[in-house]
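Derivation of every value follows stated rules applied to the coordinates shown; laboratory data play no part. It should be emphasised that the depicted structure is a prediction, and the values quoted were computed from it without experimental measurement. With ideal geometry, Cβ positions are generated from the backbone for all residues, glycine too; neighbour counts draw on all protein chains shown.
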Amino acid sequence: MNPTMSFNGFPKQTVSFLNDLKKNNTKEWFNHHRQEYEDHLMAPARAFVEAMGERLKTISPGIISVPKVNKSLFRINRDTRFSPDKSPYKTNLGILFWEGKGPRMECSGYYFHLEPPNLMLGLGLYMFSKDFMERYRQAVVAPESGSELTSIVKGIERIEGFSLGGKHYKRIPFGFDADHPNAELLLHNGLYAGGETEIPKELYSKDLLDFCIEKYRPLSALHDWLVVLTEKT
């Protein structure tokens, strides 16, 4: 097995491939262009996972990065079983760097989402498991952890271009005080922060690593808060 190539940015063909796939989202077209998928999407993505994973350890030492599909790299195949849209492929590149002992989708992580013409960067936990939900709610109303989360959320709200996500419920859960200062956070079934921009010029060079770190760093306190809560038993 050949070692992953060093990361020097994504080639322009990465964006071209995703744009072409959006126009030709069929198995026949994809199979005919499979080598382009491997060369222009997957090869640089694997290199990015390795390089970005090492860079992320400077702010989150426990981060996990595995340059494989269904690990850091999301599958390009869509699950169409319950969707009216039967297009077989996603038209984006999704990458996750996670931290924790559990399944990757039940851990907080840093997310990279390239979907021309935009790039979205974010972190957090997209959807809580049932067990984590109760732990989260208790932490939200506990004096120390709740106060810490309030401070983190206020900090994120001051960052231009980023917003908090995961609010889902309409009513405060039974047994909790609707007048609690953190009551709004009890309406979440996930907790994450992210922001989207037009594809930056850095995408095409190794400067993308610095670009991402600069975006992730101010949000990392939210990741750390979630990791601590995830690891509690």
Q.
Using DSSP to call loops (not H, G, I, E or B), can you name the chymotrypsin sites (Phe, Trp or Tyr not before Pro) in the range 146-210 whose Cβ has at most 11 other Cβ atoms within 10 angstrom?
A. Tyr169, Phe174
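Between Ala142 and Thr58, take the C-beta separation as r, use R0 = 30 Å, and let me know the FRET efficiency to the nearest 0.05.
Working from the Cβ atoms, E equals 0.50.
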Q) Computed from these coordinates, which is percent of Cα pairs over 31 Å apart: (i) 28; (ii) 15; (iii) 23? A) (i)
Q: Mind checking the range 124-215 for GluC sites (Glu not before Pro) that DSSP puts in a loop (not H, G, I, E or B) and that have at most 11 other Cβ atoms within 10 Å?
A: Glu160
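With +1 on each Lys and Arg Cβ and -1 on each Asp and Glu Cβ, and nothing else charged, work out how big the dipole of the range 15-124 is about its Cα centre, in Debye to the nearest 20.
280 debye
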Q | Percent of beta bridges antiparallel (DSSP, the chain, rounded to nearest 5) | A | 95 percent
Q) Build a GNM of the chain with springs between Cα atoms under 10 Å: which of Ala178, Ala43, Ala193 gets the top mean-square fluctuation? A) Ala178
(Q) I'd like to know which of Ala178, Gly195, Leu41 lies farthest towards the positive end of the charge dipole of the chain, counting +1 on Cβ of Lys and Arg and -1 on Cβ of Asp and Glu. (A) Leu41
Q. For Arg34 and Arg171 in one chain, what is 0.36 nm times their gap in residues minus the Cα-Cα distance, to one decimal in nm?
A. 44.6 nm
**Q.** Between the range 193-207 and the range 59-127, the alpha-carbon center distance in angstrom
**A.** 17 Å
Q.
Only sites in a loop by DSSP and with at most 14 other Cβ atoms within 10 Å count here; which chymotrypsin sites (Phe, Trp or Tyr not before Pro) in the range 19-115 make the cut?
A. Phe82
**Q.** Student exercise, the chain dipole from Lys, Arg, Asp, Glu Cβ charges, in Debye to nearest 20
**A.** 660 debye
Q. Using modelled amide H (1.01 Å from N, peptide plane; none on Pro or chain starts), what sits under 5 Å from the amide H of Ser205, excluding residues fewer than 5 places away?
A. Phe10
